[in-house]
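What follows is calculated from the coordinates using simple rules that are stated; it is not laboratory data. Bear in mind the structure is a predicted one, so any value in this text is a computation, not a measurement. Please note: Cβ atoms are built from the backbone with ideal geometry, for glycine as well, and neighbour counts cover all protein chains shown.
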Amino acid sequence: MKKIRVSPITTDASGNASMLQSTGSVLGLLYAVQLVDGTFDDGVDVTITAEQGELSIPLFAMSNFNVDLMKFPRVSENSAADGTDLTSACMPLVAGNIKVVIAQGGNVKTGAVILYIID
């Protein structure tokens with residue numbers, strides 16, 4: 001398992017931030033996401049994607065987090081025959097560079113995101 005830390009994530013005066021992790025492309029399955037509140041204001045929104053060329057793979061999104069926490073994101077599986085959603089879920093694929101977008105974080109505040117990825 002790999003541990004990838006995206007930090008420090010520092011918001012601008014409007015409370016927003018966008019950060020692309022600098023360790024290069026990642027390939028694996030996302031097991032867990034740790035959100036580190038740091039000095040962010042309460043009510044932070046976070047969106048995490050894997051960026052690869054023109055493809056942006058959604059990994060995790062959460063509105064209004066206020067404290068450090070651990071989440072275990074899962075996505076719906078699809079039928080190979082026709083692409084319909086199934087009732088089962090699996091870990092999301094991480095293929096590309098990790099991008100974290102913060103909204104409503106407060107004026108020049110910092111926090112972090114840590115991803116736990118299975119090779």
Output wanted: per-residue J couplings in Hz (rounded whole) for region 3-20, from phi through Karplus 6.51 cos²θ - 1.76 cosθ + 1.60, θ = phi - 60°, x for Gly and Pro. 10, 10, 9, 10, 6, x, 9, 10, 7, 8, 4, 8, x, 10, 8, 9, 9, 9
From the phi angles alone, apply the Karplus equation (6.51, -1.76, 1.60; θ = phi - 60°) to region 100-116 and give each ³J(HN,Hα) in whole Hz, x where the residue is Gly or Pro. 10, 10, 10, 10, 6, x, x, 6, 6, 10, 10, x, 8, 10, 10, 10, 10
Taking only Cα atoms and a 10 Å spring cutoff, compute GNM fluctuations for the chain and point out the largest among Phe72, Phe40, Phe60. Phe72
Interchain or long-range residues, amide H under 5 Å from Tyr31's placed H: Tyr116, Ile117, Ile118
Just flag the GluC sites (Glu not before Pro) in region 1-89 sitting in loop per DSSP whose Cβ has no more than 15 other Cβ atoms within 10 Å. Glu54
Among Asn78, Ile9, Ser63, the residue whose Cα sits farthest towards the positive end of the charge dipole of region 4-119 (+1 at Cβ of Lys and Arg, -1 at Cβ of Asp and Glu, taken about the Cα centre) is Ile9
If amide H atoms are built 1.01 Å from N in the plane of the peptide, which residues on other chains or at least 5 residues away come under 5 Å of the amide H of Ser18? Ile102
Phi angles of region 45-59, converted by Karplus (6.51 cos²θ - 1.76 cosθ + 1.60, θ = phi - 60°) into ³J(HN,Hα) in whole Hz with x for Gly and Pro, give 10, 10, 10, 10, 9, 10, 9, 9, x, 8, 8, 10, 8, x, 10
Determine the dipole magnitude for the chain: charges of +1 sit on the beta-carbon of Lys and Arg, -1 on that of Asp and Glu, nothing else is charged, the reference point is the Cα centre, and the result goes in debye to the nearest 20. 360
Any chance you could check the Cα centroid distance between region 15-37 and region 61-119 for me, in angstrom? 9
